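Visitor: Take a look at this one; I'll ask things after.
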């Protein structure tokens, strides 16, 4: 079963969020397939993890079951033992041979909202976003070594939706996901501390809206 869910209270940053999900499946009474690594735990597959400081409108989880179960029954069994704040958005049956959500995800859609005015003084109005062709982020290591990285390839498409909002569709580069904060930093001329997992752009909120898969024609579709 593929479960699209969300946390009502932004619990994705809570250290016990994943533990609560495992406990939910364990206590649900569903006939789950054991994990290949720890037989006492259920076999689960998660969508790509959020970076710190990000929020998500939709999270993804695959649960491997040993028996065919009705979607309604699965939903009811999970919600009886679900951790606080856990809400199922969508639940669908997925044939076993198909890729897990972890392997299927080929892009992520983000919404960036907030105050872009601090960048105006340096000539970077949000309306000029579409004029930028190359995104080069400046990275500073702990030994103060500075280098540049071209992340242009990771930006599939973008849209300036409002004076305080931009939408980004981002794809991994050589198998590695690039934080949306880096694209804003590249546009705004900000330096990114390479080892700082908590890097944020003051005044902006980064929200992952959904994950997407890619068809044989190269088009992206919501998972």
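Visitor: Identify, from the list 74, 94, the residue that is under 30 Å from residue 27 (Cα atoms), part of a loop (DSSP other than H, G, I, E, B) and touching a residue at least 24 places away in the same chain (Cβ under 8 Å).
Guide: The match here is 94.
Visitor: May I ask you to say which residue of 160, 101, 89 is under 26 Å from residue 215 (Cα atoms) and touching a helix residue (DSSP H, G or I) at 6+ places or on another chain (Cβ under 9 Å)? Break it down into steps so the answer makes sense when it comes.
Guide: Values: 101 fails: touching a helix residue (DSSP H, G or I) at 6+ places or on another chain (Cβ under 9 Å); 89 fails: touching a helix residue (DSSP H, G or I) at 6+ places or on another chain (Cβ under 9 Å).
The unique qualifying residue is 160.
Visitor: Please verify whether segment 6-26 includes one or more residues that are part of a loop (DSSP other than H, G, I, E, B) and surrounded by 18 or more Cβ atoms within 10 Å (Cβ to Cβ).
Guide: Scanning segment 6-26 turns up no residue that is part of a loop (DSSP other than H, G, I, E, B) and surrounded by 18 or more Cβ atoms within 10 Å (Cβ to Cβ).
Visitor: Filter the strands (runs of 3 or more DSSP E) completely within segment 173-223 down to those with at least 1 residues that are in contact with a helix residue (DSSP H, G or I) (Cβ under 7 Å, 6 or more places away or on another chain) and within 27 Å of residue 7 (Cα to Cα).
Guide: So the answer is 204-214.
Visitor: Select from segment 67-91 the residues that are under 17 Å from residue 22 (Cβ atoms), more than 18 Å from the chain's Cα centre (by Cα) and modelled with pLDDT of 90 or more and list them in ascending order.
Guide: 74, 77, 78, 79, 80, 81, 82, 83
Visitor: Out of all the residues in segment 144-158, is one or more over 17 Å from the mean Cα position of the chain (by Cα), more than 26 Å from residue 102 (Cβ to Cβ) and surrounded by 12 or more Cβ atoms within 10 Å (Cβ to Cβ)?
Guide: For segment 144-158, residues over 17 Å from the mean Cα position of the chain (by Cα), more than 26 Å from residue 102 (Cβ to Cβ) and surrounded by 12 or more Cβ atoms within 10 Å (Cβ to Cβ): present.
Visitor: Turning to a different aspect of this structure: Kindly evaluate residue 51 against the criterion of being touching a residue at least 24 places away in the same chain (Cβ under 8 Å), in a loop (DSSP other than H, G, I, E, B), under 22 Å from residue 104 (Cα atoms) and assigned by TED's automatic domain parsing to the domain that holds residue 90.
Guide: When the stated conditions are applied, residue 51 passes them.
Per-residue answers, yes or no, for (1) more than 23 Å from residue 138 (Cα to Cα); (2) at pLDDT 95 or above; (3) surrounded by 14 or more Cβ atoms within 10 Å (Cβ to Cβ):
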| residue | (1), (2), (3) |
| --- | --- |
| 162 | yes, no, no |
| 168 | no, yes, yes |
| 175 | no, no, no |
| 187 | no, no, yes |
| 191 | no, no, no |
| 197 | no, no, no |
| 200 | no, no, yes |
| 212 | yes, yes, yes |
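Visitor: Hey, can you tell me all the residues within segment 118-135 that are in contact (Cβ under 8 Å) with a residue 40 or more places away in the chain and either surrounded by 11 or more Cβ atoms within 10 Å (Cβ to Cβ) or under 22 Å from the mean Cα position of the chain (by Cα) (or both)?
Guide: 118, 119, 124, 126, 129, 132, 135 - these are the residues of segment 118-135 that are in contact (Cβ under 8 Å) with a residue 40 or more places away in the chain and either surrounded by 11 or more Cβ atoms within 10 Å (Cβ to Cβ) or under 22 Å from the mean Cα position of the chain (by Cα) (or both).
Visitor: Within segment 123-140, track down each residue that is over 16 Å from residue 168 (Cβ atoms) and modelled with pLDDT of 90 or more.
Guide: 136, 138, 139, 140
Visitor: Scan (1) touching a strand residue (DSSP E or B) at 6+ places or on another chain (Cβ under 8 Å); (2) over 27 Å from residue 178 (Cα atoms) for the single condition residue 95 breaks and write down its number.
Guide: For residue 95, the failing item is (1).
Visitor: So which residues in segment 27-40 are in a loop (DSSP other than H, G, I, E, B) and loosely packed, with under 15 Cβ neighbours inside 10 Å?
Guide: Those that are in a loop (DSSP other than H, G, I, E, B) and loosely packed, with under 15 Cβ neighbours inside 10 Å: 29, 31, 33, 35, 36, 37, 38, 39, 40.
The values are calculated or read from the model by the stated rules, or taken from the named source; none is laboratory data. In this text, all values refer to a predicted model and were calculated from it rather than measured experimentally. We place every Cβ from the backbone using ideal geometry, glycine too, and count neighbours over all the protein chains shown.
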